[in-house]
Amino acid sequence: MGNLIFKIEEIKNNKGLKINIKPELSLFSDSLTQYSKLKDLTTDCVFSIGASSIMLEAEVEADIELTCSLCLKKFDKKIKETIEEFYDINNEEIDLKEILSETLSMMEPMRPVCSKDCHNDLIEKYSAKHAMQSQFSKLKDCKFK
């Protein structure tokens, strides 16, 4: 479990910071939709000091349980995202909760699909075995003068 608040003074005194964070998952319970569940989250962070700002470079890796938008089956997916963020060097601290929450929201697929064949499987399963007869097909038998 990692703390998500970092004192800028400590980062400046150490001439930067490199840290691996495994935050408490409950902090991000509202970051995903009701159809998804966060199972694991790790973040590798590097804080670099500039003239007037501190740059955060982070690799965010999440294991998410998703619900397929086609067949409604649950499946797991590992998602990675790289973020860069700049913070004013005159602030007192950096809180990563908001940026991680936003990143998780952006990482979640809008229409998750469990496999590339899911759509084809559904078409085969639910398509009519026989071609549907047109309601106008009886007109073919009519003889007009």
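Any read-out appearing in this document is the output of simple, stated calculations on the displayed coordinates, not a laboratory observation. Small disclaimer: the values here were computed from a predicted structure and weren't measured. Every residue, glycine among them, receives a Cβ derived from its backbone with ideal geometry; neighbour counts consider all protein chains shown.
Taking Lys and Arg as +1 and Asp and Glu as -1, the other residues whose beta-carbon sits under 11 Å from that of D44 total 0.
Between the amide H of T33 and any residue lying 5 or more places away or on another chain, no distance stays under 5 Å, with hydrogens modeled in the peptide plane. Exceedance of the 28 Å cut-off in Cα-Cα distance is limited, within the set K22/K74; K15/K39; K7/K77, to K15/K39; K7/K77. Of the Cα atoms belonging to the chain, the radius of gyration and Dmax stand at 25.8, 100 Å.
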